[in-house]
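Data block below; observations after.
The values are calculated or read from the model by the stated rules, or taken from the named source; none is laboratory data. All values reported here derive from a predicted model rather than from experimental measurement. With ideal geometry, Cβ positions are generated from the backbone for all residues, glycine too; neighbour counts draw on all protein chains shown.
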Amino acid sequence: MSTLPAIIAVDWGTSSFRLWLMSNDGTVLAEHRSHEGITEVAERGFETVLEKHLSALQVPGTLPVVICGMAGSRQGWVEAGYIDTPADVTTISVNATVVPGVARRVIIIPGLAVRSLTEPDVMRGEETQLLGAHLELPGGERYCMPGTHSKWVSMNGAMVTGFETFMTGELFATISAGTMLVHSTGGEGQVDAQDPAFLTGVRDGWTRPEKTTHHLFSIRAGHLLHDRGIEENRARLSGLLIGAEFAGAGIRGGEQIGLVASGALQRLYHAALSECGVTVRDIDADVAVRRGLVESWQRFSNRSGDLKRT
């Protein structure tokens, strides 16, 4: 196993920054995380923030940087554009954007786009995570990537044939803290994946999605009429929204789905998918994005000849 630093891998999102110092074989040698997402660093400068973290780790100035996520958005460091689906997830990185005017070699991975006129969709960051997931557990045809904006991806081998985004996480945050349900849920908070209220909510949202807005109001009514507790209500709200997402994604009992997630989201979605009769293949999201970043750099540098210079 190699312990020589070879690459700096960065997942730079809207509200978070994750950096790993990696060897060529994917060994994590050091790590830095912060809440310095793109919304907070525009004034200070992306290069300034990046170099602050690299200086803290005493990273040599010769090491290249590969970035995925919102740093490549229109509001980010440099816009990296989108690759249209269908797209081979293993070749996306050859179209990476090189950041100009910086001392080190920095590339940003492009996102993916569905250019439908009626249901257009985009992803940025998840394409790199998806590459890692495909390499970790090949052969999957459908992947669920939960988050603030959950992605459901269909694949044929390495080919991304399409995907859909569901604003489940953002809706949960908005409804629980920004509507009248704040009085019944206590705002945002943890949800127990094994709470019967959560699992019942999943089933109701999945089997009767057309009644979701009524079920949401019933949370408030149940609090007033039956004194249902805040934790129970919050669990049911989460379950209803995830279940409605499942209905929109068209999941079927008995199918197999790759779940690319970690932490609390992994526990919630694994329990919810299992409740609906799905066979779940778990893929750790951090492992997936790191592998995807390393693989992306190697494929880009092989194409451009950078590996011969590093």
Selection count, segment 274-291, where residues are under 16 Å from Val153 (Cα atoms), touching a residue at least 40 places away in the same chain (Cβ under 8 Å) and crowded, with 21+ Cβ neighbours inside 10 Å | 4
Residues that are of a type outside the set (A, V, I, L, M, F, W, C) and over 21 Å from the mean Cα position of the chain (by Cα), drawn from segment 96-112 = Pro100, Gly101, Arg104, Arg105
Hey, Gly305 at pLDDT below 95, more than 30 Å from Arg18 (Cα to Cα) and exposed (fewer than 15 other Cβ atoms within 10 Å of the Cβ) or not | no
Residue check: is His226 buried (at least 19 other Cβ atoms within 10 Å of the Cβ) and over 21 Å from Arg252 (Cα atoms)?
-> no
Assuming Ser176 fulfils every condition listed in (1) closer than 17 Å to Tyr269 by Cβ; (2) in contact (Cβ under 8 Å) with a residue 60 or more places away in the chain; (3) within 22 Å of the chain's Cα centre (by Cα) apart from one, which condition is it?
-> (1)
Taking Val28 and the conditions (1) over 15 Å from Val99 (Cβ atoms); (2) of a type in the set (A, V, I, L, M, F, W, C); (3) under 18 Å from the mean Cα position of the chain (by Cα), which numbered condition does it fall short on, given that it satisfies the others?
-> (3)
So Ile8, is it closer than 30 Å to Ser116 by Cβ and buried (at least 17 other Cβ atoms within 10 Å of the Cβ) = no
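Yes or no, residue by residue, for (1) touching a Pro at 6+ places or on another chain (Cβ under 6 Å); (2) at pLDDT 95 or above; (3) polar (S, T, N, Q); (4) more than 21 Å from Ser15 (Cβ to Cβ):
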site: Ile107; (1), (2), (3), (4): no, yes, no, yes
site: Glu126; (1), (2), (3), (4): no, yes, no, no
site: Leu131; (1), (2), (3), (4): no, yes, no, yes
site: Glu136; (1), (2), (3), (4): no, no, no, yes
site: Glu141; (1), (2), (3), (4): no, no, no, yes
site: Met145; (1), (2), (3), (4): no, yes, no, no
site: Ser150; (1), (2), (3), (4): no, yes, yes, no
Does Ala221 fit the bill of being surrounded by fewer than 18 Cβ atoms within 10 Å (Cβ to Cβ), of a type in the set (A, V, I, L, M) and under 30 Å from Asp11 (Cα atoms)?
-> no
Looking only at residues in segment 79-111 that are surrounded by fewer than 23 Cβ atoms within 10 Å (Cβ to Cβ) and of a type in the set (A, V, I, L, M, F, W, C), which one is farthest from Leu50 (Cα to Cα)?
-> Ala87
Qualifying positions in segment 192-244 - farther than 17 Å from Val278 by Cβ and hydrophobic (A, V, I, L, M, F, W, C) | Ala197, Leu216, Phe217, Ile219, Ala221, Leu224, Leu225, Ile230, Ala235, Leu237, Leu240, Leu241
Please give the number of the condition Pro60 fails out of (1) in contact with a Pro (Cβ under 9 Å, 6 or more places away or on another chain); (2) surrounded by 15 or more Cβ atoms within 10 Å (Cβ to Cβ); (3) over 17 Å from Gln129 (Cα atoms); (4) of a type outside the set (D, E, K, R).
-> (2)
Kindly state which helices (runs of 4 or more DSSP H) lie completely within segment 170-264 and contain at least 1 residues that are under 30 Å from Val289 (Cα atoms).
-> 196-207, 230-249
Within the group Leu237, Leu171, which residue is surrounded by fewer than 23 Cβ atoms within 10 Å (Cβ to Cβ), hydrophobic (A, V, I, L, M, F, W, C) and farther than 28 Å from Asn156 by Cβ?
-> Leu171
Out of Thr161, Thr213, which single residue is under 22 Å from Glu255 (Cβ atoms) and at pLDDT 95 or above?
-> Thr161
Scan segment 131-149 for residues that are in a helix (DSSP H, G or I) and either touching a helix residue (DSSP H, G or I) at 6+ places or on another chain (Cβ under 7 Å) or of a type in the set (Gly, Ala, Ser) (or both) and jot them down.
-> Leu131, Gly132, Ala133, Leu135, Glu136
Taking segment 51-88 only, how many residues are under 20 Å from Val153 (Cα atoms) and in contact with a helix residue (DSSP H, G or I) (Cβ under 6 Å, 6 or more places away or on another chain)?
-> 3
Which one is surrounded by the most Cβ atoms within 10 Å (Cβ to Cβ) among residues in segment 129-142 that are in contact (Cβ under 8 Å) with a residue 60 or more places away in the chain, over 11 Å from Ala285 (Cβ atoms) and in contact with a strand residue (DSSP E or B) (Cβ under 8 Å, 6 or more places away or on another chain)?
-> Gly140
